[in-house]
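The structure under discussion appears below in the form of structure tokens.
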Amino acid sequence: MTDEQIAVPTPDGAYSISIGAGVLTHVGARVQALDAFSPRCAIVTPPRLRELYAPTVVDSLHAAGFAPHVVEIPEGEQFKTLETLRGIYDRLIDAQLDRCSILFALGGGVVGDVTGLAAATLLRGVPFVQLPTTLLAMVDASIGGKVAVDHPRGKNLIGAFKQPRAIFADTNTLATLPDEERRAGMAEVVKHAVIGDVELFELLETRNWKLEVGAWIGRAIQVKVDIVSRDPYEKGERAKLNLGHTFGHALEKLSNYELRHGDAVAIGLVCAARLAARLAMCDAALAARIENLVRAIGLPTRVPREMAAVNILDAMQTDKKRTDDRLRFVLPRALGDVAIVDDVTRGEIIATIEETRE
Ligand SMILES: NC(=O)c1ccc[n+]([C@@H]2O[C@H](COP(=O)([O-])OP(=O)(O)OC[C@H]3O[C@@H](n4cnc5c(N)ncnc54)[C@H](O)[C@@H]3O)[C@@H](O)[C@H]2O)c1
């Protein structure tokens, strides 16, 4: 089969991302060739994806001599919790997995994050393979080794760095992805284009982004790969990937996670671009261009009416991405060029929120 391969260098070696239509049918053979793994392994997935895609993965693993257990977890961000993690541990311990048993995460970013944390901690670490089935997970969440669950006080507060041994992004799975989830993934694609790929941005502006995933998904993935391989432990440059996220996480939290991650990031991108223009880091035309693309994709561009600016600021303060008492923003200077800024005043943040309100 013809799949696109992207290598991701990591501190302990490298892993590969296979991208293409039908790559799930090759998981067993490809993984078997990587190392001497235990035949016993587990696929963690929610009920809907168990029905849709687990049979393909199970068949492929059986054909390669693996004996997979399927572990179901409930779907949705509200289940990205320590309780779900505990349920996974219970099932995996019952199934007598050992240290060479692979955990496969079949699903969106939630499944990848929670399964990755299980893989980082079970038996002090077992191998982990990502099988992302949402656009967001393919271009962002599955790559780079950050895994986590949420805490009532904030998202992703309990986590680890756990590199996958491989990622298989089967673009066929996007056929069943609800439109709103696809749009949400597009927020991260736009983010990547703004951070590091002008041509990708132009492609999205001019082409039908809906029909031509194969034409650009590799580019969107490459932006993240380049950054995480230079900064695997988020000591510096990786913070660029938080473009739109300081605002976005705060909006998500204030909505009690009813606002989708990608939708919150979309609004966050618009806020970040406007804040950059307000600070004269970029011209207003760039902010307008970013906003137009976000809107053309059908993503929200406005801060919800009911969210007071002071509450958004408070929610930002509890986000773990702040440094000391200063809020940190990633702001665009131009397409493909973003800067990390931590001396923005409360007044400038509030003014940006107010001018971006619905
Ligand atoms: N680890 C990281 O670096 C990183 C980066 C970005 C985001 N994230 C995390 O990712 C999560 C969001 O991920 P998401 O947007 O993939 O959401 P998600 O995992 O909740 O998936 C969205 C919904 O789509 C369903 N679904 C998934 N694939 C499908 C398919 N092919 N067909 C039909 N339905 C399908 C899921 O069951 C779910 O209901 C957040 O928790 C966020 O914090 C992590």
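Taking the Cα centre as origin and putting +1 on Lys and Arg beta-carbons and -1 on Asp and Glu beta-carbons, what dipole magnitude results for the chain, to the nearest 20 debye?
In debye, rounded to 20, the chain gives about 420.
Within the stretch 157-257, list the chymotrypsin sites (Phe, Trp or Tyr not before Pro) lying in a DSSP loop whose Cβ has at most 12 other Cβ atoms in a 10 Å radius.
Hits after loop and neighbour filter: Y233.
About the Cα centre of the stretch 1-84, how large is the charge dipole given +1 on each Lys and Arg Cβ and -1 on each Asp and Glu Cβ? Please answer in debye to the nearest 20.
Once rounded to the nearest 20, the dipole reads 160 debye.
How much accessible area per residue does the stretch 179-355 have, counting only protein heavy atoms and a probe of 1.4 Å, in square angstrom?
Heavy-atom SASA per residue in the stretch 179-355 reads 41 Å².
Carbon and sulfur: what percent of the stretch 4-176's accessible surface (1.4 Å probe)?
Answer for the stretch 4-176: carbon and sulfur cover 52 percent of the accessible area.
Between E354 and Q5, 0.36 nm times their residue separation minus their Cα-Cα distance comes to what?
Net length gain for the segment: 121.3 nm.
For the stretch 332-358 and the stretch 57-93, write down the distance between their C-alpha centroids in whole Å.
40
What does the extension gain come out to for R295 and L313, with contour length at 0.36 nm per residue minus their alpha carbon separation?
The span from R295 to L313 would gain 4.0 nm if fully extended.
Any idea of H62's accessible area? Nearest 10 Å², probe 1.4 Å.
Only protein atoms counted, so the area is about 100 Å².
Taking the Cα-to-Cβ direction at A63 and at D90 and moving 7 Å from each Cα, how far apart do the two end points lie in nm?
3.5
Let me cross-check V223: its accessible surface, 1.4 Å probe, with only protein heavy atoms counted, in Å² to the nearest 10?
V223 has an accessible surface of roughly 10 Å² with all protein chains in place.
So which GluC sites (Glu not before Pro) in the stretch 128-235 pass both tests, a DSSP loop state and at most 15 other Cβ atoms within 10 Å of the Cβ?
Those satisfying the criteria are E212.
Putting +1 on Lys and Arg Cβ atoms and -1 on Asp and Glu Cβ atoms, find which of A36, T352, T301 reaches farthest to the positive end of the dipole of the chain.
Positive-most Cα among the choices belongs to A36.
Normalised by the residues of the chain, what does the relative contact order come to in percent, with Cα pairs under 8 Å and at least six apart?
RCO, the chain: 14 percent.
What longest region of the chain stays clear of trypsin sites (Lys or Arg not before Pro) that DSSP places outside H, G, I, E and B and that have at most 14 other Cβ atoms within 10 Å?
The longest uninterrupted stretch comes out as 1-98.
What helices does the chain have that are whole DSSP H segments, at least 20 Å long along their own axis by Cα, and with mean Kyte-Doolittle hydropathy of 0.0 or more?
213-230, 261-278
What accessible surface, in Å², does a 1.4 Å probe find on V228, ignoring ligands, DNA and RNA and rounding to the nearest 10?
10
When only C-alpha pairs under 8 Å and at least 6 residues apart count, what is the relative contact order of the stretch 1-100, in percent?
Contact order relative to length: 25 percent.
Using Cα pairs closer than 8 Å and at least 6 residues apart in sequence, work out the relative contact order for the stretch 179-355, in percent.
28
Got a number for carbon plus sulfur as a percent of the stretch 179-355's accessible area, 1.4 Å probe?
It is 45 percent, rounded to a whole number.
The values are calculated or read from the model by the stated rules, or taken from the named source; none is laboratory data. None of these values were measured; they are calculated from a predicted model. With ideal geometry, Cβ positions are generated from the backbone for all residues, glycine too; neighbour counts draw on all protein chains shown. Only protein heavy atoms, including side chains, enter the accessible area calculation; ligands, DNA and RNA are left aside. Shrake-Rupley method; radii C 1.70, N 1.55, O 1.52, S 1.80 Å.
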